[in-house]
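Q: I have a structure here, written as structure tokens, and I will follow up with some questions on it.
Laboratory data are not the source of any read-out in this text; all were calculated from the coordinates shown. Source: prediction; values computed, not measured. Positions of Cβ are backbone-derived with ideal geometry, glycine not excepted, and every protein chain shown enters the neighbour counts.
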Amino acid sequence: MRSTNKKFISALACASAMTALAIADPMGITKTHQVVQAATDNVPAKSAGVDVSSWQGTNLTQQAKSGAKFAVVKVSESTNYQNPHAQGQINNAEQNNMMPMGYHYAHFGADSNRAVQEGNYAVNSAKQAGVQPGTYLACDWELDDNNNTNGGREASANAVLAFMDTVAKAGYKPLLYSGASLLRNNVDTEKVISKYPNSLWVAAYPLGNGTAVTEPDFGYFPSIDGVGI
């Protein structure tokens, strides 16, 4: 998750129908390429955003009206799936002055070779969808029947880094998304952030039991270093 631009997402909140995510570092985010709407190049600290996949439509106007300043769009999964709505969602995000970013749903577990293959697939999918190099491309690494999360903390971190290195070489800034508990217990996140600082996008529920909040609480945050969203 990196690139020629050394600024990273920080102090942003990202909310969807299922999650509410937040952090509290005052930097904000800038991407390196230019688009028509200047507002999509710069997102202030503590901005709200949304993540979307094929479950959502291509019209993000309501999310923008609700205050979303950025949209993280699912572009791909494994090495054989592309979100059919990704291009429309990216285009509509920019039309609504939201900064577009992308994410890939991982199946590689702790397999570094597979992670490189998925990284290349994510890059190609992102480009096809209109997610330009210079912005963020996240790895969504979470508990799933197709993603082995029990391969060991170091091996899992190595695989995640193999994915992140692949998208970074293509000019994107990689992020790692997962739940707070899974990151603490199943990934050596210190190894990840030593190479890609402030690159974690963490799902956490301040109220517990998977209960979402309607407003980000920047006074709360899981005790993980290196969080950007």
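Q: Using 30 Å as the Cα-Cα cut-off, could you pick out the over-long pairs in K65/K169; K69/K173; K169/K191?
A: Numbers: K65/K169 35 Å; K69/K173 18 Å; K169/K191 19 Å.
Going by Cα-Cα distance, K65/K169 fall outside the 30 Å limit.
Q: For D144, what residues show an amide H to amide H distance below 5 Å, using hydrogens built from the backbone and excluding near sequence neighbours?
A: Those lying under 5 Å, H to H, from D144 are T149.
Q: Moving on. I want the local charge near N186. Using Cβ-Cβ distances under 12 Å, sum +1 for each Lys or Arg and -1 for each Asp or Glu among the other residues. The partial results should precede the final answer.
A: Values: positive: R153, R184; negative: E142, E154, D188.
That works out to -1.
Q: If you take every residue apart from L207 with its C-beta less than 15 Å away from the C-beta of L207, what net charge results, scoring Lys and Arg +1 and Asp and Glu -1? Can you show the working numbers first?
A: Working: positive: none; negative: E215, D217.
Counting the neighbours of L207, the net charge comes to -2.
Q: Rounded to the nearest 20 Debye, what is the dipole magnitude of region 37-105 about its Cα centre when Lys and Arg each give +1 and Asp and Glu each give -1 at the C-beta? Show your work: numbers first, answer last.
A: Working: 4 positive and 4 negative charges, 39 e Å.
Dipole magnitude for region 37-105 comes out near 180 debye.
Q: Right, another one. Which loop-located chymotrypsin sites (Phe, Trp or Tyr not before Pro) does region 126-229 contain, where loop means any DSSP state but H, G, I, E or B and the Cβ has at most 14 other Cβ atoms within 10 Å?
A: Details: sites: Y136, W141, F163, Y172, Y177, W201, F218, Y220; in loops: W141, Y172, F218, Y220.
Those that pass, being in a loop and sparsely packed, are F218, Y220.
Q: May I ask you to list the aspartates and glutamates whose Cα is less than 13 Å away from that of K46, ignoring any residue fewer than eight positions away on the same chain?
A: Once the sequence-local aspartates and glutamates are set aside, what remains near K46 is D25, E215, D217.
Q: Still on this structure, I have one more. Starting from the Cα of T79, step 7 Å toward the Cβ, then list every residue of region 88-110 with an amide N under 13 Å from that point.
A: Under 13 Å, as judged by backbone N against the label point of T79, lie 107-109 of region 88-110.
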